[in-house]
1. Among LEU168, LEU236, LEU128, which one shows the highest mean-square fluctuation when the chain is modelled as a Gaussian network with alpha-carbon springs under 10 Å?
2. Of the labelled options (i) 23.5, 81; (ii) 25.2, 82; (iii) 19.6, 61, which one gives Rg and Dmax of the Cα atoms in Å as computed for this structure?
3. Can you give me the long-range amide H partners of VAL34? Hydrogens built in the peptide plane at 1.01 Å from N, cutoff under 5 Å, separation of 5 or more residues or another chain.
4. Highest GNM mean-square fluctuation, the chain, Cα pairs closer than 10 Å: which of SER277, SER252, SER51?
5. Leaving ligands, DNA and RNA out of it, report the carbon-plus-sulfur percent of the accessible area of the stretch 87-245 at a 1.4 Å probe.
6. What number, in percent, do you get for the relative contact order of the chain if the mean sequence gap of Cα pairs under 8 Å and at least 6 apart is divided by its residue count?
7. Please list, or write none, the lysines whose alpha carbon is within less than 20 Å of the alpha carbon of LYS43, excluding same-chain residues fewer than 8 places away.
8. With a 10 Å cut-off between alpha carbons and a GNM built on the chain, which of LEU111, LEU124, LEU271 moves the most?
Amino acid sequence: MSIARVFTRALYGMDAPLVTVEVCLASGLPAFAVVGMPQAGVKEARDRVRSAIQASEFEFPRGKKITVNLAPADLPKHGARYDLAIAIGILVADGQISERAVVSREFYGELTLNGELRGVPGILPAMLACREQGREAVIPLANQTEASVVREQQCVAAESLRDVTEHLRGPHQLPHLAPLQPSEQQHFYGDLADVIGQEQAKRALILAAMGGHHVLFVGPPGTGKTMLAQRLLGLLPPLTDVEGLEVAAIRSVAGHNYNAEHPSAWLERNLRSPHHSCSAAALVGGG
């Protein structure tokens, strides 16, 4: 019996708790079981991982009872973000990859049947947590622009399972992603001087921006609440690095598409303008 441990991270709101993928290869009737509160998408990883390993010209363990435990077991696991970690764990347990090559790394990504890697949502919270632990992150190529927002993070982007294994074995290792360079071009939110009248409201906005106070807009539709709120963004100072990463992490968890042409937009302040007739559940979200 051989056991391998590979690290990855779950997506739990804005947090990315550590998940240890434990793979056990034992003698007995051939079986492939995934335990640790996996949802339907995680259980289906058995077929994706088997096909991806074989398509990448590796030998899938035959005649073995394969047990994959996603620890901690009391944390629900959703999605296909654990595919790559499970595949690497099987190869390590089977002796095809050295265990020392995965100790200081974390793996994320969905596998296709031919071994290619697909992007996963919510990669930024995982990158931030991985950076705090001092590990190298291995992510899909589709997430490389999004992951470049995190500075001082050792991260490599791979296109397939074959690329990941070559990186682990060496000497053809993948290059680390270059951090995102902030753009000097600032977004124009509108000038408060363009607002005609509303002197009391404009003074309130200026005082709120200077003192960092909250603002509550009250009034019937069409009185200029949204127009004034748009100008408030232009009065506020630029986001700090911590604030910008928090805003970008929210966009990542929400599954927003990353705009490669304007990558710095993920680090800018933004305005949400819900309709005045929306319900409380529509405003804050359900579930």
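The values are calculated or read from the model by the stated rules, or taken from the named source; none is laboratory data. Predicted model only: the values in this text are computed from it and were never measured. Cβ placement follows ideal geometry from the backbone for every residue including glycine, while neighbour counts extend to all protein chains displayed. Areas reflect the complete protein model, heavy atoms only, side chains present, ligands, DNA and RNA absent. Shrake-Rupley method; radii C 1.70, N 1.55, O 1.52, S 1.80 Å.
1. So, out of LEU168, LEU236, LEU128, the one fluctuating most is LEU236.
2. Matching entry in (i) 23.5, 81; (ii) 25.2, 82; (iii) 19.6, 61: (i).
3. Close amide H contacts, sequence-distant or interchain: VAL68.
4. SER277
5. On the way: 4570 of 8860 Å².
The computed percentage sits at 52.
6. 15 percent.
7. Leaving aside lysines fewer than 8 places away in the same chain, those within reach of LYS43 are LYS64, LYS65, LYS77.
8. So, out of LEU111, LEU124, LEU271, the one fluctuating most is LEU271.
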